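Enquirer: Input: one structure, supplied below.
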Amino acid sequence: KAPKINFSHSVVLIQVNFWTIGSPVTMSLSGHNAPVDCVNFDDDEEHIVAGSSSGIIKLWSIEKAQLVRTLSGHKANISALGFHPFSHFLASGSMDTNVRIWDTRRQGCIFTYKGQGGRINCLKFSPDGKWVVTGSEDGTTKIWDLASSKVLHEFKLHQGSVTALDFHPCECLLASASADKTVRFWDLETFELVSVSSNEAKPIRDIIFSPEGNVLLSGAEDSLRVYGWEPSRTLDSLCMFWGKIYDMKIAHNQLISGSFHHTNVSVWVVDLSKIKPFNGDINPIDEADVPASEHASSVAQPAVTSKEDVTSKESYPVNEAA
């Protein structure tokens, strides 16, 4: 199954566009009256949801290309969306600092979580569906228990806004990325910090654990890094030019990512078989070879010959008049 790459573009775009790789726009979904700030697919690839700067959320059927639900309640831009792994629940985060849980079948909000100190930048349901975790502009990460509707724990050690979150596929481990240019790994049984990565050159925009759970990949505007966490180590670092990366997925030993710049969205494909540890080399790179945060333009060379050897790219123009 092809991975689902979620895009966001909020210049003046008030519709959601679909592309097939190598082809023009294949479908456009309209209905919003304000710029779209974030989008997401459900796990069955039957629906797509989009949140706008007006605080309105719209849900479409992909097969029928029809609007199914309009969800209202937030008082500011929708900044994060996520589907429950095996139910009809949808979580939304907003610049109004609230998190809402929706039952998409009943067209209503069933829980509202308050108490985050800033805009909700990212959120994700736990693999077992019992928790939803949120990352905020104030640098905190909160775990909300769905059964009790209360905060289970709050992590506060990041020195910048939390930008991305991911659960380990089979261990009680959570990773959080931040504008402070680090990734932190948290034990979800003890709620203790396991380790923290070395500083990247720029704020981290997205992270993803490998399907096997042996490493975590992080994407900043100019780099891709591969991390281990016990102990903390950098296994590989690649100079990239993907810009404002928005989403990453792994399929068929490839990392597929989506990014946007002005009126273009781009899909990048990274051949993981040519980078550590996927190429069989499990030795970490020398930290002295990893670029220091103040030298964003001087990125360490990857283990492969050049960036062109491991990546390919497709770009698609966005219609600003939409």
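The values are calculated or read from the model by the stated rules, or taken from the named source; none is laboratory data. Just so you know, these numbers come straight off a predicted model, no measurement behind them. Positions of Cβ are generated from backbone atoms using ideal geometry, with glycine treated the same way; all protein chains shown enter the neighbour counts. These accessible areas exclude ligands, DNA and RNA; they are computed on the full protein's heavy atoms, side chains included. Shrake-Rupley method; radii C 1.70, N 1.55, O 1.52, S 1.80 Å.
Enquirer: For the stretch 15-26: of the residues being farther than 18 Å from residue 257 by Cα and in a loop (DSSP other than H, G, I, E, B), which is nearest to the chain's Cα centre (by Cα)?
Expert: 15
Enquirer: Is it the case that some residue within the stretch 301-312 is farther than 11 Å from residue 238 by Cβ and modelled with pLDDT of 65 or more?
Expert: Initial filter on the stretch 301-312 (farther than 11 Å from residue 238 by Cβ): 305, 308, 312.
Those left that are additionally modelled with pLDDT of 65 or more: 312.
Among the residues of the stretch 301-312, at least one is farther than 11 Å from residue 238 by Cβ and modelled with pLDDT of 65 or more, which makes the answer yes.
Enquirer: Could you look through the stretch 142-165, keep only residues that are under 19 Å from the mean Cα position of the chain (by Cα) and over 17 Å from residue 112 (Cα atoms), and pick out the one that is most open to solvent (accessible area, probe 1.4 Å)?
Expert: Step by step, filter the stretch 142-165, then rank; the result is 163.
Enquirer: Given the criterion hydroxyl-bearing (Ser, Thr, Tyr) and in a loop (DSSP other than H, G, I, E, B), identify the matching residue among 87, 92.
Expert: Numbers: 92 fails: in a loop (DSSP other than H, G, I, E, B).
When all the criteria are applied, what remains is 87.
Enquirer: Also, quick follow-up: Mind checking whether some residue in the stretch 84-95 is open to solvent by 50 Å² or more (accessible area, probe 1.4 Å) and within 24 Å of residue 182 (Cα to Cα)?
Expert: yes
Enquirer: Using beta carbons and a limit of 7 Å, which pairs, at least six apart or on different chains, have the first residue in the stretch 126-139 and in a strand (DSSP E or B) and the second one modelled with pLDDT of 95 or more and among the acidic types (Asp, Glu)?
Expert: From residues that are in a strand (DSSP E or B), the pairs are 131/145.
Enquirer: Within the stretch 54-70, can one find any residue that is buried (at least 16 other Cβ atoms within 10 Å of the Cβ) and acidic (Asp, Glu)?
Expert: no
Enquirer: Let me ask something additional. Pull out all pairs, ordered by first then second residue, where Cβ-Cβ is under 7 Å, the residues are six or more apart or on different chains, the first lies in the stretch 262-286 and is part of a loop (DSSP other than H, G, I, E, B), and the second is crowded, with 20+ Cβ neighbours inside 10 Å and hydroxyl-bearing (Ser, Thr, Tyr).
Expert: Qualifying pairs under 7 Å: 284/234; 285/234; 285/237.
Enquirer: Now for a separate question. How many residues are among the basic types (Lys, Arg) and either part of a loop (DSSP other than H, G, I, E, B) or more than 26 Å from residue 127 (Cβ to Cβ) (or both) when one looks only at the stretch 27-71?
Expert: Number of matching residues: 2.
Enquirer: Within the stretch 140-189, how many residues are in a strand (DSSP E or B) and over 18 Å from residue 216 (Cβ atoms)?
Expert: The number of residues fulfilling the criteria is 9.
Enquirer: Related question: Here is a list: 223, 178, 195, 149. Which entry is touching a Cys at 6+ places or on another chain (Cβ under 9 Å), hydroxyl-bearing (Ser, Thr, Tyr) and more than 14 Å from residue 250 (Cα to Cα)? Break it down stepwise before answering.
Expert: Details: 178 fails: touching a Cys at 6+ places or on another chain (Cβ under 9 Å); 195 fails: touching a Cys at 6+ places or on another chain (Cβ under 9 Å); 149 fails: touching a Cys at 6+ places or on another chain (Cβ under 9 Å).
Going through 223, 178, 195, 149 in turn, the sole match is 223.
So that you can scan it fast, the table gives a plain yes or no per residue for (1) touching a Phe, Trp or Tyr at 6+ places or on another chain (Cβ under 9 Å); (2) touching a residue at least 12 places away in the same chain (Cβ under 8 Å):
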residue: 142; (1), (2): yes, yes
residue: 175; (1), (2): yes, yes
residue: 185; (1), (2): yes, yes
residue: 188; (1), (2): yes, yes
residue: 192; (1), (2): yes, no
residue: 214; (1), (2): no, yes
residue: 219; (1), (2): yes, yes
residue: 222; (1), (2): yes, yes
residue: 229; (1), (2): yes, yes
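Enquirer: Inside the stretch 97-125, can you point out the residues that are part of a loop (DSSP other than H, G, I, E, B), at negative phi and surrounded by 17 or more Cβ atoms within 10 Å (Cβ to Cβ)?
Expert: Listed by number, the residues that qualify are 98, 104, 116, 119.
Enquirer: A further question on this structure: Would you please name the residue that is surrounded by the fewest Cβ atoms within 10 Å (Cβ to Cβ), looking only at residues in the stretch 195-228 that are closer than 19 Å to residue 284 by Cα and charged (D, E, K, R)?
Expert: So the residue we want is 212.
Enquirer: Determine, yes or no, whether residue 117 is of a type outside the set (A, V, I, L, M) and closer than 16 Å to residue 81 by Cα.
Expert: Numbers: of a type outside the set (A, V, I, L, M): yes; closer than 16 Å to residue 81 by Cα: no.
No; evaluated as a whole, the condition is false for this residue.
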